[in-house]
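Asks: Here it is: the structure, laid out below.
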Amino acid sequence: MREINIGSKQIRIKATPLALLYYKQEFKSDLLGDLVKMQVLTTDPSKLDSVALLQLIWAMAKADAHPEKFPSFEEWLSTLEGFDFSDSDVLSAALEEAADGFFRRGKQGQIKK
């Protein structure tokens, strides 16, 4: 579990199997497959998919909040005042949480291909 700040909001995220389920249900895509695609960011930051990053954060935040009620992705986005995509701490924390939670055998903080 990690805490990140988006605008003035502190958000707890947790990479668990529930996050995988929530991501699939909401976005009709596989979180791990999309996460592996994000690996390109380490060599080419211009490939950032801002919505995919927010989707990853949403799924992990919803998993952390379980069993409490959590808003849909669109409703959750509407609660955010803004997002500073130049803040590498948020990006790093989200990707590290995902790597640590979903790829435990790999080096900590790195996604194995």
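Here, each number is a calculation from the coordinates, and none is a lab measurement. All values reported here derive from a predicted model rather than from experimental measurement. Cβ: placed from backbone, ideal geometry, glycine included. Neighbour counts: every protein chain shown.
Asks: If each DSSP helix of 4+ residues adds -39,500 (n - 2.57) and the sum is divided by the residues in the chain, what number results at 222 nm, nearest 500 deg cm²/dmol?
Replies: Value at 222 nm, helices only: -14500 deg cm²/dmol.
Asks: Place the peptides 1-13, 69-81 in order of packing, highest mean first, counting for every residue the other Cβ atoms within 10 Å and averaging per peptide.
Replies: Working: 1-13: 15.0, 69-81: 11.9.
Averaged packing, sorted descending, gives the order 1-13, 69-81.
Asks: Next question, about the same structure. For region 16-85, compute Rg over Rh where Rg is the Cα radius of gyration and Rh is the Kirkwood radius from the inverse mean 1/r over Cα pairs.
Replies: Working: Rg = 12.5 Å, Rh = 12.8 Å.
Here Rg/Rh amounts to 0.98.
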